[in-house]
Each structure stands twice: as C-alpha cells, then as structure tokens.
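The values are calculated or read from the model by the stated rules, or taken from the named source; none is laboratory data. None of the values given here were measured: they were computed from a predicted structure. Reconstructed Cβ throughout: ideal geometry from the backbone, glycine too, with neighbour counts over all protein chains shown. For the accessible areas, the whole protein counts, side chains as well, though only heavy atoms, and no ligand, DNA or RNA atoms are used. Shrake-Rupley method; radii C 1.70, N 1.55, O 1.52, S 1.80 Å.
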Amino acid sequence: MYKLILLSILLLILSCEPKKMSSNDNRLNNKISKFDSKLVNHFPAKKSGNNSDTIVNENIRKNTVGILLYEYEVPNSALDSLNKIYTKRAIAKYSSADTCLLVINKFETPKTYSESENVYIDFEKRKNLVNKNCYLNKYPIPKFLDYRFLEKNTETYLSNDFDLYILEANNSDFFEKYNLIPNPQMSDNWSNGYSKGVAISKKSKCVIFWGVIW
C-alpha cells in the first residue's frame, strides 16, 4: 500500500511538470537565433506541422541570405488560427496565383540554386523584366526553391493555393553586416532590402515562414 501511494505521488509530479522543448524545436531556435530578431520575430518557437524543413542561406555572393521554415501536414485548426492572425497583421496579402508578383532573385532557377551556379542575366532585357509597372506598389516575396513539392509552372514555385502574408519589407535597412552589393535581379527601387512573412495553404496543409535579405 505504501509503495502504491509513493508511485501515485511520483506519477502526479511527473504529469505536472512542463513539457520540455523537443530537440527539433531547439535546433529550430538555434537556427533562428543566427539572425536579427527584426527579421525572424514572427517565427514560431515550436513547430505545428508533422514534418518540416528549415533552410538557412548565407550566400552573400548571390544576394541570398535568410531563413525559411516549411511546415507540412499542419492541422486545419492551426491553419485557421494562423490565417486569422496574419490577416490582421499583414501589410499586404497576395495569392500565389497572382499574375504579377515581385519575386526576389527573379532569374534564379532550381538548377542554378541547387548547384550554386551563376545566374544568367540578359542585361538588354533585364530593365524591362525587373521594372514592370505592376511591381510599383508590390512588396518583394521569395522564390520558394526549397519547397518539397515544387510547382515549376509558377514564378514562386508554389502551387496556386497559397496565401502570402507580407508582414514587413524595407528597401533601406538591409542589415549592413552582410555587405551585399546591389542585386541585379531586383527592380531599381528594391536593389537591396529585406522581406518577412508567412505563406499558408489549407489545401496543401502547409505553412511557410520566411525572413530573407538580398
């Protein structure tokens, strides 16, 4: 009887202890901590998807710096909650199906990205391609070249069911510690800068957090 009482007390103590953060969440937070909080303060402390990829880029040569968190198999309840939160917080909302999106590193392809090849830019055509009139009031968003299910027929490489919430973007404060040169793949007024936001697809059950610098 005495042993049974002790066991019951032990189980009660263990059940009341706060759950420790998983090693995966610790690794995520370690990666996030590499960047200025202004760029990543919208990232979650814990992942909500059953599968995820965290991508850290620090390729200064190609103006590709930042972090992206891809969360897959996210429950509908979490997706609904995130959509409500970011609808209120966003300074702009786009659809991945939009025909005019100001995409960062416009000429990058899956091949040049994965193999770290130099990007070919036709400078005779560049000016018209990166300075379209429809870009004038748009904020930059990434190309999601690390997405597990690349859709190669769209400019973002996401399927057309994503909502893109831009939380912040700035073309004058681009974290000088990286000493980036003006990016020839960007429009004249966004030759350097940063963008942070969230992409959400209820159909694909996916959430993507980004904070990128170019």
Fill in: Per-residue SASA entry for Y139, accessible area with 1.4 Å probe, Å² rounded to 10
70 Å²
Practice prompt. Please report, as a whole percent, how much of the solvent-accessible surface of the stretch 54-195 comes from carbon and sulfur atoms (probe radius 1.4 Å).
Written response: 48 percent
Worksheet item: If you take every DSSP beta bridge whose two residues both sit in the chain, what share of them, in percent to the nearest 5, is antiparallel?
Response: 95 percent
Worksheet item: What order do you get for 61-69, 90-98 when each peptide is scored by the mean count of other beta carbon atoms within 10 Å, highest first?
Response: 61-69, 90-98
Discussion item. With an 8 Å Cα cut-off and a minimum separation of 6 or more residues, compute the relative contact order for the chain in percent.
Written reply: 26 percent
Practice prompt. Treating only the Cβ atoms of Lys and Arg (+1) and Asp and Glu (-1) as charged, compute the dipole magnitude of the stretch 18-111 about its Cα centre; round to the nearest 20 debye.
Written response: 280 debye
Worksheet item: Where the centre of each part is set by its Cα atoms, how far does the stretch 29-74 sit from the stretch 85-111, in angstrom?
Response: 17 Å
Worksheet item: How big is the charge dipole of the stretch 76-160 about its Cα centre, in debye rounded to the nearest 20, if each Lys and Arg gets +1 on its Cβ and each Asp and Glu gets -1 on its Cβ?
Response: 400 debye
Worksheet, complete the sentence: For the chain, Rg(Cα) over 2.2 N^0.38 Å is 1.21
Worksheet item: For the stretch 100-214, with the dipole built from +1 on Lys and Arg beta-carbon atoms and -1 on Asp and Glu ones, taken about the Cα centre, which of N192, W214, L136 lies farthest toward the positive end?
Response: L136
Practice prompt. With only Lys, Arg, Asp and Glu charged, each at its Cβ (+1 for the first two, -1 for the last two), find how big the charge dipole of the chain is about the Cα centre; round to the nearest 20 debye.
Written response: 420 debye
Worksheet item: Which of the pairs K47/K84; K47/K138; K88/K152; K62/K203; K62/K205; K47/K203 have their Cα atoms more than 26 Å apart in this structure?
Response: K47/K138; K88/K152; K62/K203; K62/K205
Worksheet entry | Kyte-Doolittle at least -1.0, axis length at least 18 Å by Cα - qualifying DSSP helices, the chain | 2-16, 76-89
Item to complete: Leaving out ligands and nucleic acids, note down the accessible area per residue over the chain with a 1.4 angstrom probe, in whole Å².
Response: 56 Å²
